[in-house]
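Enquirer: Handing you a structure now.
The values are calculated or read from the model by the stated rules, or taken from the named source; none is laboratory data. Worth saying up front: this structure is predicted, and the values here are computed from it rather than measured. Cβ atoms come from the backbone with ideal geometry, glycine included; neighbour counts cover every protein chain shown. These accessible areas exclude ligands, DNA and RNA; they are computed on the full protein's heavy atoms, side chains included. Shrake-Rupley method; radii C 1.70, N 1.55, O 1.52, S 1.80 Å.
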Amino acid sequence: MSAPVLAREAARAAAWLETYGSPLYVYDSGEVERRALELRAALPEGSRLLFSLKANPLPDIARLLQRLGCDAEVSSPGELAVALEAGFPPERVLYTGPGKSAEEVHAALAAGVTGFSAESWPDLERIDRVARAARLRARVLLRVNPSAPPVARLAMSGVSSQFGFDEADLVDGRARLAALGHVELMGLHVYQGTQLTDANSLLAAVRQALAVGESLSEVLGTRFQVMDVGGGFPWPFAAAGAGLDVSTLREPLALLSASRERTASAALWFESGRWLCGSSGTLWATVVDVKRSKGKRYVVLDSGIHHLGGMSGLGRVPLVGVGVARAEPVSGALEEVNVVGPLCTPLDCFARNVALPPLRPGDRVFIPNVGAYGLTASLTGFLSRPPPVELVHREGEVTAVYRLRWGHALYERPAPARPPGWEDAR
Ligand SMILES: Cc1ncc(COP(=O)(O)O)c(C=O)c1O
């Protein structure tokens, strides 16, 4: 952030922190819109872009991305509810993830969702049985774990994993697929992992996915309608800076798309959560205490790993980049400090041995680029501290303010809506 931008953001945040309290997630919806338009413009013509709600299921962000023409990728009943509420038509929702229960598949089908990514033979056959019991049809993508080595740091393919069919498991799959009466094979889903390192690894992942498509189209004797080649578009997490310039992908992606043979007529689908909303979010927090212990200086904040980054996709508890915002110019020599949160665990540490201007209680600090996998990937239950308030604005105009529900409610068993033949479907 340049100095004038920082000063403007700090002044806005100071006012909002006064009104809504600290800590505070601030999301700029204009930033989400810019990212969505840039990414869509970089994808080959006719491609679809699915917003992965796991990155940030805030209703306003989902609604905005729906209006901007994205489809939705969801992996739980909660994400599905947000997507439908945000206006994604159910036929534009892809339900993904390992461990989908018969109940949730049924609920999704009953809500009108037809698209599922199947992760294994049992998952696929369960979707088929549930669809049969509900007298509906599902359209499935087979998620494939390619035989080739992975291109992602947090590899979800190319290594042994719970994600997808091993490519080899499908080689003799023709007859087994043909036996399924209530699923239609729509195509393949090859998601390689989040936060691919650069344009080259991203293009390598897409190339690999398309190669898998060519080969399995032949093996299974079918022409796919859809090739979901995943994503992994990178953006810095909890650190200053910008992500991949996706305009550089435009030409090579178009060439890759044009190089297809057996899958030439399949629609290309891409997925993104991180790149679409990472840059929109900043976490603002307040210094509660500054103390010294055995020669080291500690800055204790009112926010910690229950609000940010219990699991960011980069490591379990990543260290983050902390910036300082003060109304008056920050003066004094930099001091080496550890920036920690209020939780009763030494793991609650945002930054170790970082040089910051001298801080005192009441000072505001901020962590940029946390609009994706900020709150969703945090240890929200630990220590029963309340979740932070989340504020959405557009050019400084507040458009919505939320807080995740928190605390225990007495359990009430829901009455499940189960179709006839249910017991066989499970
Ligand atoms: C199947 C699938 N699709 C999409 C995503 C979103 O990835 P990203 O936020 O890096 O775009 C993930 C993340 O784990 C995923 O597992």
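Enquirer: Taking 0.36 nm per residue of sequence separation and subtracting the Cα-Cα distance, how much length would be gained by fully extending the chain between N200 and E18, in nm to one decimal?
Expert: Stretched fully, the N200-E18 segment lengthens by 61.1 nm.
Enquirer: Give the carbon-plus-sulfur fraction of the accessible surface of the chain in %, rounded to a whole number; probe 1.4 Å, heavy atoms of protein chains only.
Expert: The nonpolar share, carbon plus sulfur, comes to 53 percent.
Enquirer: Something else now. Need one number: nm distance between label points at R176 and R262, each 7 Å from Cα along Cα→Cβ, rounded to one decimal.
Expert: My value for the distance between the label points is 1.8 nm.
Enquirer: Still on this structure, please answer the following. Based only on Cα atoms, what Rg/Rh ratio does the range 212-277 have, Rh being taken as Kirkwood's radius?
Expert: Ratio of gyration radius to Kirkwood radius: 1.09.
Enquirer: Suppose R0 equals 22 Å; then what is the FRET efficiency for T222 and D169 from their Cβ-Cβ distance, rounded to the nearest 0.05?
Expert: With R0 = 22 Å, the Cβ-Cβ based efficiency is 0.85.
Enquirer: So, one more: Could you estimate the translational diffusion coefficient of the range 96-272 from the Stokes-Einstein equation, with Rh from the Kirkwood formula over C-alpha pairs, at 20 °C and 1.002 mPa s, in whole µm²/s?
Expert: Once the numbers are plugged in, D ends up at 127 µm²/s.
Enquirer: Hey, another quick one. What distance in nm lies between label points placed 7 Å from Cα along the C-beta direction at S293 and L37?
Expert: Modelled inter-label distance: 4.9 nm.
Enquirer: Still on this structure, please answer the following. Averaged per residue, what accessible surface does the chain expose to a 1.4 Å probe, in Å²?
Expert: Spelled out: the 1.4 Å probe surface of the chain, per residue, equals 44 Å².
Enquirer: Between A110 and L410, how many nm apart are label points set 7 Å from Cα along the C-beta direction?
Expert: 2.5 nm
Enquirer: While we're on this one: Where the convex hull is taken over the Cα atoms of the chain, what is its projected area averaged over directions, in nm²?
Expert: With every direction weighted equally, the projected area is 22.0 nm².
Enquirer: Ok, one more. So what is log10(I(q)/I(0)) for the range 1-153 at q = 0.08, 0.11 1/Å, when the Debye sum runs over its Cα atoms only?
Expert: Rounded to two decimals, the profile gives -0.33, -0.57.
Enquirer: Just how far, in whole angstrom, is the range 37-108 from the range 224-240 if you go by their alpha carbon centroids?
Expert: 14 Å
Enquirer: In straight Cα distance, which aspartates and glutamates are under 20 Å from K294, not counting same-chain residues fewer than 8 positions off?
Expert: E335, E336, D348
Enquirer: Give me the accessible area of F163, 1.4 Å probe, in Å² rounded to the nearest 10.
Expert: 40 Å²
Enquirer: Report, to one decimal in Å, the Kirkwood hydrodynamic radius for the range 68-109 based on all distinct Cα pairs.
Expert: With all distinct Cα pairs of the range 68-109 included, I get 10.4 Å.
Enquirer: Looking at the chain only, what percent of DSSP beta bridges run antiparallel? Nearest 5 please.
Expert: So the antiparallel bridges amount to about 40 percent of the total.
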